[in-house]
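*Asks:* Pasting a structure here, questions to come.
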Amino acid sequence: MVLFTGFAVVLGALALPAAAQSAFPGVIATGTNGPTNPPRPTAPTLINQTSMARLITLNSVDDFCLFAPPEGPALIGDTETEEVAWCTKPRNNARVIPDGTITGVTFLKTPFYVQIMGIGNFTNLNIRAGDDGGELDPHGAQGSGNPIGGNVTTNIVNGVDDVFYEEWMMFISANRFCVRACTNANSTYAAKYMCEHKLDVMGCDFVMPGTYHPAGTFESCEADVAYPPGWYPTATVSGSTLFSTFAQYWTGVVGDQTFTVGDLVTPTAPATIPSSSNCATVSTIANGIALASLTAGAIGTEIPTVSTGSSGSGSPTSSGGSGGSGPSQSAPPNAALHGAHVGFRSMGEFAGIVVVSLVSGLAAIAMLH
Ligand SMILES: *[C@@H]1O[C@H](CO)[C@@H](O)[C@H](O)[C@H]1NC(C)=O
Ligand SMILES: *[C@@H]1O[C@H](CO)[C@@H](O)[C@H](O)[C@H]1NC(C)=O
Ligand SMILES: *[C@@H]1O[C@H](CO)[C@@H](O)[C@H](O)[C@H]1NC(C)=O
Ligand SMILES: *[C@@H]1O[C@H](CO)[C@@H](O)[C@H](O)[C@H]1NC(C)=O
């Protein structure tokens with residue numbers, strides 16, 4: 001059944017007008033969907049706060065999902081393989097995020113990716129208070145994702161079709177998150193570079209630059225495309241931009257060998273902070289579901305009634321560009337900035353890659369760069 005699902009997704013993508021979905025290899029997912037996931041994104045679905053589904057959808061400022069622990073309080077770094085999907089609305093058979101949890105969201109659509117940045121109280125999603133968080137992506141030590149079987153869709157490219165994407169990344173802590181799914185690529189910007197997953201201690205501001213706001217802002221914008229994380233333009237030669245790239249430092253012992261990769265000097269900022277434009281704001285986001293229906297373990301017996309659009313005075317108002325070079329320091333300082341432990345404490349995917357390098361030698365070490 002899962003094979004059939006992957007097949008259907010590919011066919012669906014090919015059936016679209018050529019301009020609508022990226023035909024570039026490595027963008028649209030071709031592998032199987034996670035075993036606990038519904039075959040495709042679905043809404044609405046029954047409330048199921050015990051769900052182990054791991055399909056997240058990133059469609060709009062008030063219709064998206066996050067990965068967070070199935071039980072808590074837990075550290076993201078300890079539970080990276082087992083996070084489950086939590087959605088702002090009842091969808092994808094996933095758990096529902098209780099209203100009030102998310103206190104600010106910025107949704108960005110760019111020609112190469114969709115990116116959502118937000119703040120809130122994610123102890124409601126089983127994350128331990130004070131957790132600096134960690135990084136999740138479709139690779140992981142076992143090659144089947146952190147979380148294992150995690151998958152990501154968005155309909156952002158043409159506003160209609162739900163498409164599964166191969167490359168994505170999420171940082172989440174006790175009070176902050178950022179997530180990007182790479183919906184396009186070209187011969188310079190492969191999806192695996194634009195959704196680079198090996199900068200897991202660098203945090204949201206570095207890996208997913210954009211205009212971050214303090215709590216109370218809920219906005220949906222277009223945005224310029226960032227350089228791939230860790231890329232710095234150095235020169236233009238015959239019309240082509242040349243880049244230097246930053247690789248996160250790592251040293252450790254695997255078996256009886258010590259491996260050291262990455263750069264000794266860690267940059268303090270990304271090359272640029274891309275500008276946002278055409279922002280529409282809403283007063284808040286809410287699903288209107290009673291909190292008593294969303295307690296740990298709660299299971300609904302009928303499809304819940306959900307607030308349409310964003311609650312409150314909700315009609316979007318254009319606020320023009322939100323500026324590109326604004327400071328990002330207004331977000332909570334500790335969260336998902338430089339504290340991500342994934343890949344260090346557990347060695348995570350680094351362990352997987354380095355173990356490969358024991359077999360295939362220098363080529364695999366170069367892969368880490
Ligand atoms: C699901 O995730 C796996 C592991 O990252 C990936 O290989 C596969 O292509 C994804 N499948 C779909 C349908 O998104
Ligand atoms: C709730 O989720 C669990 C775990 O994914 C699943 O076994 C169960 O069938 C689901 N229950 C309902 C009512 O959907
Ligand atoms: C987060 O929510 C919990 C209750 O769900 C509350 O006890 C805690 O004080 C909140 N934390 C913050 C930082 O607001
Ligand atoms: C890929 O896209 C980026 C961003 O639009 C652009 O700067 C770059 O020139 C493109 N590369 C190619 C080979 O078209």
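*Asks:* Take the stretch 71-100 and flag every residue that is buried (at least 21 other Cβ atoms within 10 Å of the Cβ) and farther than 17 Å from Thr45 by Cα.
*Replies:* Result: Leu75, Ile76, Gly77, Thr79, Glu80, Glu83.
*Asks:* If you don't mind, there's one more thing I want to ask. What's the number of the condition Asp161 fails, among (1) buried (at least 24 other Cβ atoms within 10 Å of the Cβ); (2) in a loop (DSSP other than H, G, I, E, B); (3) of a type outside the set (Lys, Arg)?
*Replies:* (1)
*Asks:* Right, here's the next one. Out of the stretch 99-146, which residues are assigned to a strand (DSSP E or B) and either within 16 Å of ligand 4 (Cβ to nearest atom) or out of contact with any strand residue (DSSP E or B) (no Cβ under 9 Å at 6 or more places or on another chain) (or both)?
*Replies:* Leu108, Lys109, Tyr113, Val114, Gln115
*Asks:* Filter the stretch 214-230 down to the residues that are aliphatic (A, V, I, L, M) and away from ligand 4 (no atom under 16 Å from the Cβ) and list them by number.
*Replies:* Our first condition is that a residue be aliphatic (A, V, I, L, M); within the stretch 214-230, this holds for 215, 223, 225-226.
Result: Ala215, single match.
*Asks:* If we keep just the residues of the stretch 44-57 that are within 20 Å of the chain's Cα centre (by Cα) and not β-branched (Val, Ile, Thr), which is nearest to Thr154 (Cα to Cα)?
*Replies:* Leu55
*Asks:* For the stretch 126-154, which residues satisfy the criterion of being away from ligand 1 (no atom under 14 Å from the Cβ) and surrounded by fewer than 24 Cβ atoms within 10 Å (Cβ to Cβ)?
*Replies:* Asn126, Arg128, Ala129, Gly130, Asp132
*Asks:* Residue by residue through the stretch 211-237, note down the ones that are in contact with a helix residue (DSSP H, G or I) (Cβ under 9 Å, 6 or more places away or on another chain) and over 30 Å from Thr251 (Cα atoms).
*Replies:* Across the stretch 211-237, the qualifying residues are Tyr212, Val225.
*Asks:* Can you pull out every residue in the stretch 152-179 that is more than 11 Å from the chain's Cα centre (by Cα), over 25 Å from Gly104 (Cβ atoms) and not aromatic (Phe, Trp, Tyr)?
*Replies:* Val157, Asn158, Val160, Asp161, Asp162, Val163, Glu166
*Asks:* So Tyr193 passes all but one of these: (1) without any contact (Cβ under 8 Å) to a residue 60 or more places away in the chain; (2) surrounded by fewer than 22 Cβ atoms within 10 Å (Cβ to Cβ); (3) closer than 26 Å to Asp62 by Cα. Which condition number does it fail?
*Replies:* All conditions pass for Tyr193, except number (3).
*Asks:* Taking the stated definitions as given, is Met208 closer than 20 Å to Val261 by Cβ, away from ligand 4 (no atom under 16 Å from the Cβ) and in contact with a Pro (Cβ under 9 Å, 6 or more places away or on another chain)?
*Replies:* Taking the combined requirement at face value, the residue does not satisfy it.
*Asks:* Now, a different point. Going by what's in this entry, would Glu196 be described as farther than 20 Å from Ile119 by Cα, in contact with a Lys or Arg (Cβ under 8 Å, 6 or more places away or on another chain) and within 16 Å of ligand 1 (Cβ to nearest atom)?
*Replies:* no
*Asks:* Could you please find all residues in the stretch 231-271 being part of a loop (DSSP other than H, G, I, E, B), within 16 Å of ligand 4 (Cβ to nearest atom) and out of contact with any Pro (no Cβ under 8 Å at 6 or more places or on another chain)?
*Replies:* Passing the criteria: Ser238, Gly239.
*Asks:* If you don't mind, there's one more thing I want to ask. Run down Pro25, Pro44, Pro35 and say which single residue is within 14 Å of ligand 2 (Cβ to nearest atom), part of a loop (DSSP other than H, G, I, E, B), farther than 28 Å from Thr284 by Cα and not aliphatic (A, V, I, L, M).
*Replies:* Pro35
All of the numbers you see were taken from the coordinates with simple rules; none came from a lab. The shown structure was predicted, so the numbers you read here are calculated from the model rather than taken from an experiment. No Cβ is skipped: glycine too gets one built from the backbone with ideal geometry, and neighbour counts run over all protein chains shown.
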